[in-house]
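The values are calculated or read from the model by the stated rules, or taken from the named source; none is laboratory data. Quick caveat: nothing in here was measured; it's all calculated off a predicted structure. Note that we place each Cβ from the backbone using ideal geometry, even for glycine, and neighbour counts take in every protein chain shown. To get the accessible areas, we keep the full protein, side chains included, count just its heavy atoms, and leave off ligands, DNA and RNA. Shrake-Rupley method; radii C 1.70, N 1.55, O 1.52, S 1.80 Å.
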Amino acid sequence: MLVLERLGHFFSLVFTLGSDPLNLVTLFAAMLMGIIFGAMPGLTATLGVALLTTLTYGMETGRAMIALLAIYVGAVYGGSYASILINIPGTAAAAATAMDGYPLAVQGRAGKALGLTTTTSAIGTFVGMLFVVSMSPLISALALQFTSFEFFLLAFFGILISGTLTSPDLVYKGWIAGFLGIFLSTVGRDGLQFYPRFTFGLSDLDGGLDVIPVLIGAFGIPQVIQVLKDKVVVGEAKKFHRILPEIRDIVHNIPAIIRSALIGVGIGAVPGIGEDIAAWVSYGTAKNSSKHPQTFGKGELQGVIASETANNACIGGAMIPLLNLGVPGSPPAAMMLGALMIHGVTPGPMINFDHPGFILQITAILLLASFAMWITGMLLAKQVIKVLRIPPPVFMPIVAVLCIIGSYSLGTRVFNLYLMIPIGVVAYFLTEMGYPIAPLVIGVILGPMADQNLRRALMVSKGSFLPIFTRPVALILFLLILIMMISQFGFYKKLIGRIKDRIARSRGRTRQSD
Amino acid sequence: MMEKKKLRRADFVFSVILLAFSLFILGNTFTMPMKDSWGGVMNVWYVSPALLPLIVSAALIILGVALLLYSIRSGGARDFIANIRKRTRGISAANVRFLAVLLALASFVYLNIPRVDFFLCIVWFLLYCIVVFYFDEATLLVKLSWFYLGGNLLLLLLFITAIDQPISRAFPYGIDVLLLLLIIAFWLYTRLVVRADRRLVARLRTTVIVSVAVPLILVPIFKFGLLVPLPHEGGIIGIMSLIRYALR
């Protein structure tokens with residue numbers, strides 16, 4: 001009965017949101033903007049959400065969420081356009097799509113590939129939405145049992161796992177980025193005693209670093225520098241007549257779609273891991289489990305389906321820890337966290353008490369966004385790809401202006417700009433040297449949570465760390481952190497290698513004796 | 001990302017910088033109250049504001065040492081030293097482009113935004129930034145960058161010597177007019193340099209249109225739509241406000 005009641009409430013919410021013409025205009029406009037952002041190489045979903053945040057802070061919260069989620073969903077999907085048509089991923093999340101998408105376009109099947117990516121992306125978003133609505137009450141209930149120790153360990157775990165999984169070079173480069181992020185979060189007066197840390201006598205630093213300029217600086221400015229410095233040349237887009245959503249292909253690939261969506265949701269729910277990793281893991285799984293892996297990379301429809309379903313399903317996954325724990329699941333979700341705070345919504349275990357129905361509202365918006373994405377993709381694909389003709393040297397300086405005006409307008413402080421540029425330049429060098437930026441950003445966001453909860457926890461326990469070992473969730477998180485760190489040491493790898501060897505040898509002996 | 005060999009060299013340099021930075025954080029952390037009284041609160045180590053910075057600096061030192069050792073083991077340190085010895089003079093084309101982006105961003109944010117009409121700042125920034133990268137010719141990039149740098153140095157000189165203040169008192173919006181003249185001069189100079197190449201003339205035309213159209217759209221959105229007071233509202237934004245209130 002309760003389920004039916006919730007379902008009824010959910011659909012009435014969908015109807016209420018969808019029947020407001022202004023909401024619909026916002027939804028489709030932001031969706032189109034998102035698809036354009038995703039399609040243009042050099043622009044990312046995170047940047048899209050960041051820049052739109054500045055335009056939404058005058059809106060009421062519900063409408064702002066419609067705009068932000070629509071641009072997020074649209075940008076993740078839009079990346080597939082450039083991947084398929086010009087072999088340059090529009091976003092990192094669509095890099096795996098290019099593997100088979102472009103060969104399909106070369107074979108003259110670009111319309112079919114785009115039809116599939118549009119439909120599977122919509123399905124992925126829908127599955128992600130189902131998980132938000134079904135998992136949120138469970139996680140929220142669990143999170144209510146958390147004490148300060150759990151929150152401290154959760155923040156630490158989020159930063160470390162993000163560093164571990166997103167580092168393109170050495171794992172501890174990801175951790176360095178994470179710790180640098182935590183350091184940035186400690187700048188300013190501390191939340192408990194109001195002591196000025198690392199302010200160097202500058203009153204502008206007393207309030208700490210504003211999150212949005214740091215995020216825009218860390219994600220936007222390196223992008224601008226990279227595209228202009230490295231001369232990104234966009235080739236001629238492959239032609240297609242119309243997008244063909246072939247139901248037969250969808251039905252035939254339902255198991256693959258469900259598997260990819262589950263991978264996407266699962267990876268999205270891990271703090272700080274983005275859509276790009278979800279897409280690659282899903283692509284790899286599809287290839288490994290295929291009966292004909294040799295066709296992957298040569299225009300295999302399953303490859304395109306796997307990456308596009310997963311990266312859009314990741315959005316729902318990323319919203320689960322964001323809404324229930326206050327821990328963003330992906331870089332665009334980190335941006336969403338900043339936007340939510342601007343609108344007076346503090347995500348975390350108390351969200352259901354402070355803002356009853358908010359999670360259901362987000363779920364309803366995700367459902368509307370998946371429909372809007374499908375409709376916009378089907379109707380406007382041919383028009384959208386015209387933006388691929390705009391040369392990057394023309395649009396990247398405009399993006400720089402948008403980054404600057406966006407960072408400034410949130411606090412109307414020129415000081416934010418003074419900070420944004422060095423952060424952007426450092427982030428650019430870090431990226432060049434193989435340091436992931438996501439853990440840095442997650443560190444900036446989760447740093448205050450780690451700081452205040454650690455001190456609060458120790459205050460209650462009078463300086464004892466014993467509660468970590470007596471509380472099950474804290475112990476699990478602690479062990480996960482420990483294993484994650486130890487697993488990077490040579491002795492651990494050798495030990496695991498030896499154990500594996502022994503198991504293999506004993507298996508061999510057993511077989512021989514049989 | 002860099003190629004592997006270059007990456008290991010960079011690891012060596014970065015690990016040294018990271019260690020120095022971590023030691024600096026650690027040193028600064030020790031100045032924070034750990035046991036003393038702060039604002040009437042008697043501190044114990046576990047509620048001290050120094051606790052997290054201490055953990056962070058310790059972690060960064062350990063990771064910095066690990067990175068340093070790795071870069072030494074993988075030959076990054078040796079490569080770096082060898083590379084210093086055989087380093088030739090001159091800057092690569094990619095680095096010139098990098099410096100051009102930095103010049104544009106730094107002058108836009110640190111020099112112009114706080115002092116000159118925001119509309120003109122955007123035009124000045126976009127005109128330079130789009131032209132030099134859209135033309136995609138190394139010699140033109142250098143030539144136009146020198147002009148742009150010269151213009152910004154002139155403005156810097158005015159601001160440092162505080163000559164801008166008597167100018168602004170004598171001629172309202174005098175600095176805005178000066179920047180407008182610089183923009184026109186830059187455009188004319190570029191036109192002169194590329195006059196023989198019809199492709200580049202067309203690109204310059206596009207650039208001028210984009211450079212003016214973007215602030216023409218953005219400034220009213222933020223100023224009148226979102227009611228954001230812009231960093232410096234000078235002559236052009238003043239005219240926009242007059243038009244806006246005349247139309248109301």
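Numbers for the structure displayed
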| item | result |
| --- | --- |
| Output for the range A:339-355, where each listed residue is open to solvent by 10 Å² or more (accessible area, probe 1.4 Å) and not polar (S, T, N, Q) | A:M341, A:I342, A:H343, A:G344, A:P347, A:P349, A:M350, A:F353, A:D354, A:H355 |
| Total residues in the range A:423-439, condition more than 10 Å from chain B (Cβ to nearest Cβ) and free of Cβ contacts under 8 Å to residues at least 60 places away in the same chain | 1 |
| Out of A:S290, A:S260, sole residue that is of a type in the set (S, T, Y), touching a residue at least 12 places away in the same chain (Cβ under 8 Å) and crowded, with 24+ Cβ neighbours inside 10 Å | A:S260 |
| Selected residue (criterion: farthest from the chain's Cα centre (by Cα)) from residues of the range A:401-417 that are more than 7 Å from chain B (Cβ to nearest Cβ) and in a helix (DSSP H, G or I) | A:F415 |
| Residue identified as more than 9 Å from every other protein chain (Cβ to nearest Cβ) and either touching a residue at least 12 places away in the same chain (Cβ under 8 Å) or buried (at least 18 other Cβ atoms within 10 Å of the Cβ) (or both) among B:L60, B:L18, B:L7, B:L54 | B:L54 |
| Members of the range A:443-455 found to be within 7 Å of chain B (Cβ to nearest Cβ) and surrounded by 24 or more Cβ atoms within 10 Å (Cβ to Cβ), listed by number | A:A450, A:D451 |
| Residue within the range A:47-54 that is modelled with pLDDT under 90 and among the small types (G, A, S) present | yes |
| Test: A:P168 is modelled with pLDDT of 85 or more and either in contact with a Lys or Arg (Cβ under 9 Å, 6 or more places away or on another chain) or within 12 Å of chain B (Cβ to nearest Cβ) (or both) | no |
| Any chance B:A106 is over 30 Å from A:Y195 (Cβ atoms), free of Cβ contacts under 8 Å to residues at least 24 places away in the same chain and in a helix (DSSP H, G or I) | yes |
| Qualifying positions in the range A:173-196 - surrounded by 22 or more Cβ atoms within 10 Å (Cβ to Cβ) and facing chain B (nearest Cβ under 7 Å) | A:W175, A:I176, A:F179, A:I182, A:F183, A:T186, A:D190 |
| The listed residue being under 26 Å from the mean Cα position of the chain (by Cα) and part of a helix (DSSP H, G or I), out of B:V228, B:V201, B:V210, B:V193 | B:V210 |
| Test: residue in the range A:320-339 that is touching a helix residue (DSSP H, G or I) at 6+ places or on another chain (Cβ under 9 Å) and over 22 Å from A:I267 (Cα atoms) | yes |
| Lone unmet requirement of (1) aromatic (F, W, Y); (2) under 30 Å from B:M34 (Cβ atoms); (3) more than 9 Å from chain B (Cβ to nearest Cβ) for A:F240 | (2) |
| Complete set of residues in the range B:208-221 that are surrounded by fewer than 18 Cβ atoms within 10 Å (Cβ to Cβ) and aliphatic (A, V, I, L, M) | B:I209, B:V212, B:A213, B:L216, B:I217, B:I221 |
| From B:F224, B:F186, residue being open to solvent by less than 50 Å² (accessible area, probe 1.4 Å), aromatic (F, W, Y) and at pLDDT 95 or above | B:F186 |
| Within the range A:203-230, considering residues that are within 14 Å of chain B (Cβ to nearest Cβ) and more than 27 Å from the chain's Cα centre (by Cα), the one most open to solvent (accessible area, probe 1.4 Å) | A:D204 |
| When residues of the range A:459-514 are limited to those that are surrounded by 11 or more Cβ atoms within 10 Å (Cβ to Cβ) and charged (D, E, K, R), the one modelled with the highest pLDDT | A:R471 |
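Every residue, every condition in (1) within 16 Å of the chain's Cα centre (by Cα); (2) open to solvent by 20 Å² or more (accessible area, probe 1.4 Å), yes or no:
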{"position": "B:A82", "(1), (2)": "no, yes"}
{"position": "B:L102", "(1), (2)": "yes, yes"}
{"position": "B:V109", "(1), (2)": "yes, no"}
{"position": "B:P114", "(1), (2)": "yes, yes"}
{"position": "B:W124", "(1), (2)": "yes, no"}
{"position": "B:Y134", "(1), (2)": "no, yes"}
{"position": "B:T139", "(1), (2)": "no, yes"}
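Listed here are the residues, each with its yes/no results for (1) buried (at least 22 other Cβ atoms within 10 Å of the Cβ); (2) more than 10 Å from chain B (Cβ to nearest Cβ); (3) closer than 19 Å to A:G48 by Cα.
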| residue | (1), (2), (3) |
| --- | --- |
| A:T376 | yes, yes, yes |
| A:M396 | yes, no, yes |
| A:M420 | yes, no, yes |
| A:V441 | yes, yes, yes |
| A:A457 | yes, no, no |
